[in-house]
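For reference, the structure is listed below as structure tokens.
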Amino acid sequence: MARPTERFGPLVHRSVRHGAILWIVGVVEFVVGMIITQLGYTGTSYSLTGNYISDLGAAHCGIYHGDIYVCSPWHDVFNVSIVLMGVLLIIGTLLLWSAFRPRAARTIGLLLLIIAGVGAIGVGLSPEDVNLTVHTASAATAFIAANLALMVLSVAMFRDTRWDGFRTFTMVMGLVGLVALVLFEEKLYGALGVGGMERLIVAPVLLWALLAGIHLARIPTYAPTTIPHAPS
């Protein structure tokens with residue numbers, strides 16, 4: 001006779017690996033999309049410190065933000081890449097739900113990531129020069145939700161051996177992003193400029209998702225085993 005299947009050790013369900021791969025693909029394709037779009041920028045050179053990230057997605061050339069000339073002929077590449085990232089983030093998050101222990105912090109943190117994905121989709125579907133209100137609201141949603149998600153998920157990782165070495169990193173990345181968001185809203189850009197400070201909001205989340213995805217993809221997946229009864 002055998003008793004019900006059990007699992008031992010820091011393993012993950014096969015769906016977690018699939019979700020992790022979607023996270024990795026989403027981050028990589030978005031970064032590549034930004035680089036490609038930037039290479040196609042015309043008129044003036046795109047500045048990582050002087051331009052907003054969303055300037056890459058502007059559908060028309062013109063003066064925006066008061067005095068910044070924006071002209072991004074390959075804006076569709078950027079907009080498609082951020083929409084795709086949002087979709088992959090949402091699907092990937094749903095697939096890797098079981099990578100965290102069942103607790104309230106898991107539910108809140110992962111729901112925040114899903115909300116961030118929805119915000120990213122909104123950014124790509126509503127370029128800054130097409131619908132600034134929706135674009136701004138979507139960007140704010142993505143910024144706030146994503147960085148808060150990291151703070152909450154760092155709590156969800158507590159006493160979970162699958163996340164050894166990631167708890168502090170996750171909290172620090174979320175904290176950096178939130179501090180950068182506050183400075184950005186207060187227009188305290190410093191030497192980073194408006195573009196650099198905005199990237200400091202986004203970069204920690206992208207880096208975290210990439211590394212967390214790689215980490216989860218490397219954890220052995222759960223393979224059911226039948227454990228026989230010990231002799232009586």
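The values are calculated or read from the model by the stated rules, or taken from the named source; none is laboratory data. Quick caveat, the model's predicted, so the values are computed rather than measured. Neighbour counts run over all protein chains shown; Cβ positions are idealised from the backbone, glycine included.
Under the condition of being assigned to a helix (DSSP H, G or I), more than 16 Å from Val80 (Cα to Cα) and either at pLDDT below 90 or of a type in the set (Asp, Glu) (or both), the residues counted in region 21-55 number 0.
For region 57-101, the candidate set comprises residues that are under 20 Å from Val28 (Cβ atoms) and either touching a Cys at 6+ places or on another chain (Cβ under 7 Å) or hydroxyl-bearing (Ser, Thr, Tyr) (or both); within that set, the residue that is surrounded by the most Cβ atoms within 10 Å (Cβ to Cβ) is Ser81.
Residue-wise test of (1) out of contact with any strand residue (DSSP E or B) (no Cβ under 6 Å at 6 or more places or on another chain); (2) small (Gly, Ala, Ser); (3) in a helix (DSSP H, G or I); (4) free of Cβ contacts under 8 Å to residues at least 40 places away in the same chain.
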site	(1), (2), (3), (4)
Asp129	yes, no, no, no
Leu148	yes, no, yes, yes
Val152	yes, no, yes, no
Gly165	yes, yes, no, yes
Val179	yes, no, yes, yes
Leu200	yes, no, yes, yes
